[in-house]
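Enquirer: Take a look at the following structure, please.
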Amino acid sequence: MAMNHNNLNSSNNDYDFVSLESWIKTRHSEDEMREVFLNMDRAMKYVHDRGYCVKSFHPKEIELINHELNQIRFRTLLEMPTSSLDRKRYIKEDIYNSSYIQIGIYTKCLYWLNQNYLKENFDSFAQFLPEGDVPYYRGVIERGASVYLCEYDLEKRKRDLAALEKEVGGEGVTDTSHLNKVDVNEDINAVIYRQINKKSDAAYVYFLVYPAIMFTLSIIISIIVKVLSLS
């Protein structure tokens with residue numbers, strides 16, 4: 001679905017927000033739901049890459065902007081700790097929670113779902129999931145895999161394209177570079193999450209400027225000390 005740049009760049013008052021909870025109450029195809037979940041995953045990865053995680057995955061706290069399937073906003077974000085180990089833990093938790101609610105929505109039992117029951121009886125839920133995504137969800141739920149759905153989907157499509165080429169007698173290495181641009185969704189998320197971008201930019205500027213300031217101050221102090229010692 002094409003992005004409406006004009007709507008995205010308008011003020012918040014011009015946006016038409018619909019919560020994921022409200023959206024799933026209306027009839028949607030499996031393909032539409034999967035597209036929302038892929039774009040939700042891309043948005044999650046975007047905020048992770050900028051040092052943030054999702055505070056709440058409740059469907060009320062996730063919104064589709066202007067009812068567009070590729071404009072996903074998490075209403076509440078938290079800044080992750082700076083520790084690499086802690087960040088990996090937060091990211092893993094987000095990936096699990098995202099997969100958990102997706103399975104709950106596909107199976108129409110989100111608000112009655114139990115984590116232990118889901119893990120122990122995953123096969124009973126698998127029949128309601130998109131067939132090609134079952135290995136992904138199984139890995140996250142049963143084995144605690146820390147892989148983004150959007151990255152799994154990208155690699156799967158690359159393999160499928162290569163297999164198709166081989167089947168029809170193609171030669172050489174399949175060029176899949178065109179798939180990367182489709183999956184990034186960078187321009188959309190850059191607008192939706194521009195506030196954390198500004199914070200990241202400010203931190204980067206501080207990182208560059210602070211050493212220069214300290215270096216200048218050290219020179220000034222050295223000069224003052226030298227002058228005082230000569231007086």
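The values are calculated or read from the model by the stated rules, or taken from the named source; none is laboratory data. As the structure is a prediction and not an experimental result, all values here were calculated from the model. For neighbour counting, all protein chains shown are included, and Cβ atoms are generated from backbone atoms with ideal geometry for every residue, glycine included. Ligands, DNA and RNA are excluded from the accessible area calculation, which covers all protein heavy atoms including side chains. Shrake-Rupley method; radii C 1.70, N 1.55, O 1.52, S 1.80 Å.
Enquirer: Consider the stretch 172-198. How many of its residues are modelled with pLDDT under 60, assigned to a loop (DSSP other than H, G, I, E, B) and of a type outside the set (A, V, I, L, M, F, W, C)?
Expert: Residues in the stretch 172-198 being modelled with pLDDT under 60, assigned to a loop (DSSP other than H, G, I, E, B) and of a type outside the set (A, V, I, L, M, F, W, C): 4 in total.
Enquirer: Among the residues of the stretch 101-131, which ones are open to solvent by 30 Å² or more (accessible area, probe 1.4 Å) and in a helix (DSSP H, G or I)?
Expert: Residues satisfying the conditions are 111, 112, 115, 116, 117, 119, 120, 123, 124, 131.
Enquirer: Just one of 24, 65 is open to solvent by 20 Å² or more (accessible area, probe 1.4 Å), among the hydrophobic types (A, V, I, L, M, F, W, C) and either at pLDDT 95 or above or within 24 Å of residue 103 (Cβ to Cβ) (or both); which is it?
Expert: 24
Enquirer: Further, regarding this structure: For the subset of the stretch 159-171 comprising residues that are farther than 13 Å from residue 132 by Cβ, open to solvent by less than 90 Å² (accessible area, probe 1.4 Å) and not hydrophobic (A, V, I, L, M, F, W, C), which member is modelled with the lowest pLDDT?
Expert: Taking the candidates together, the pick is 170.
Enquirer: Still on this structure: Return yes when residue 50 is open to solvent by less than 50 Å² (accessible area, probe 1.4 Å) and either within 16 Å of the chain's Cα centre (by Cα) or within 22 Å of residue 132 (Cα to Cα) (or both) and no when it is not.
Expert: Spelling it out, it is not the case that residue 50 is open to solvent by less than 50 Å² (accessible area, probe 1.4 Å) and either within 16 Å of the chain's Cα centre (by Cα) or within 22 Å of residue 132 (Cα to Cα) (or both).
Enquirer: Please go through (1) in a helix (DSSP H, G or I); (2) among the aliphatic types (A, V, I, L, M); (3) modelled with pLDDT of 90 or more for residue 147 and return the number of the only condition it doesn't satisfy.
Expert: Condition not satisfied by residue 147: (1).
Enquirer: Could you tell me how many of the residues in the stretch 57-81 are of a type outside the set (Asp, Glu), in a loop (DSSP other than H, G, I, E, B) and in contact (Cβ under 8 Å) with a residue 12 or more places away in the chain?
Expert: 10
Enquirer: In addition: Working carefully through the options 96, 90, 117, 106, find the one that is of a type in the set (Phe, Trp, Tyr) and in contact with a Leu (Cβ under 6 Å, 6 or more places away or on another chain).
Expert: Among 96, 90, 117, 106, only 106 is of a type in the set (Phe, Trp, Tyr) and in contact with a Leu (Cβ under 6 Å, 6 or more places away or on another chain).
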